[in-house]
Amino acid sequence: MNKILVVDDDQDLVTLLEKQLQSSGYTSSHCYQGRRAPSVAKEFGPDLIILDVMLGDDLGFHVSRDIRRDKALYKTPILFHSSADEIHDVEHALNQGGDGYLTKPYSRDKLDGQLDSMRRLWNAINTTCPDTHLPSLEALRKFLDHLIFRDEEFACVYIHVAGLRALHKARSSEKIKVATERTARLLKKTIQFDGFYESTTFHLGGGYFMVVTDPSNVVRLVNCLRARFAYEGVDALSSASIPVPVKKSTGEKKNTVRDGRSALAVGSVHRKPGSTSGASSIIERLRHIDSDDEKRHKRASKPAGHEHWAG
């Protein structure tokens, strides 16, 4: 992380802040008008945006939402700074696309601390996982926020190599790495060769993966995954479908189908326009499948399919 854009209508504060940033080795630029901020950001290409909440011509929240909607800018971390210091002010800022919050006036140490956090976040968003070469959990959060702020319809398919804890007890960590790499490789093959060109795959860490796709693809994607993984000698995938709450009732019901012998688990969430669920909520709804499957595999004497899968 090197380039920082400061968006604030207080010119004296901007001058002071830029001096501090430049003395720390950052390249900085500024924008005094909120409405111009997205276009200035596109031209400057910042790694971080420091954004005031109360701007002379606009609200910082409007700017942050515009940035999250933009295909070229949505990954950029946003650090809000404001004189408002109530807990609900901070929470609202983070729900409007912010990644951090500084209360004015703030010390150099607090600024440096937030910059360190934003640097770690930027690295996580822009660095692929070393074993699978897939985008990370933080990249997934930003991508989901991008779709949510655009109010787009999408589905998340959650793939979990179930029972890895049990496998860890019986095998070395190298075997777990092999199982994870195989899962990633077969996911990539499914997306590439079975025609899911508009889908994006993420590695959440360990044996956890997520594919973001069009809702119309979910059934065919799961079937293709079943076929491709079965060909590799893994038992049929278990599946669970969890609807996301929307503003108006859709009549959807929870539908869960499980196979106690499965070596893999798959779940899906369908996000419809108008849904109030954020990225973290969607990820957590899917992760509950993990705890259910781990309990099931813990009761089993030996998770089926892993002997061949970890090869």
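The values are calculated or read from the model by the stated rules, or taken from the named source; none is laboratory data. Owing to the predicted nature of the structure, the values given are computational and were not obtained by experimental measurement. We place every Cβ from the backbone using ideal geometry, glycine too, and count neighbours over all the protein chains shown.
Miscellaneous remarks
- Qualifying position, being more than 22 Å from the chain's Cα centre (by Cα), under 17 Å from residue 112 (Cα atoms) and of a type in the set (A, V, I, L, M, F, W, C), among 21, 59: 21
- Members of the stretch 36-62 that are at pLDDT below 95 and either of a type in the set (Val, Ile, Thr) or not assigned by TED's automatic domain parsing to the domain that holds residue 97 (or both): 53
- When every residue of the stretch 39-62 is checked against the conditions, at least one turns out to be in a helix (DSSP H, G or I), touching a residue at least 40 places away in the same chain (Cβ under 8 Å) and under 30 Å from residue 281 (Cα atoms).
- Considering each residue of the stretch 64-74 in turn, at least one proves to be of a type in the set (Ser, Thr, Tyr), crowded, with 18+ Cβ neighbours inside 10 Å, in contact (Cβ under 8 Å) with a residue 12 or more places away in the chain and over 28 Å from residue 188 (Cβ atoms).
- Here the stretch 207-226 is the region considered, the condition is being free of Cβ contacts under 8 Å to residues at least 60 places away in the same chain and surrounded by fewer than 16 Cβ atoms within 10 Å (Cβ to Cβ), and the residue that is nearest to residue 147 (Cα to Cα) is 216.
- Lone qualifier among 226, 220, 271 - being at pLDDT 80 or above and touching a Phe, Trp or Tyr at 6+ places or on another chain (Cβ under 6 Å): 271
- Residues located in the stretch 108-127, provided they are exposed (fewer than 15 other Cβ atoms within 10 Å of the Cβ), without any contact (Cβ under 8 Å) to a residue 24 or more places away in the chain and within 16 Å of the chain's Cα centre (by Cα): 120, 127
- Filter result (hydrophobic (A, V, I, L, M, F, W, C), modelled with pLDDT under 80 and surrounded by 22 or more Cβ atoms within 10 Å (Cβ to Cβ)) within the stretch 142-178: 161, 162, 164, 167
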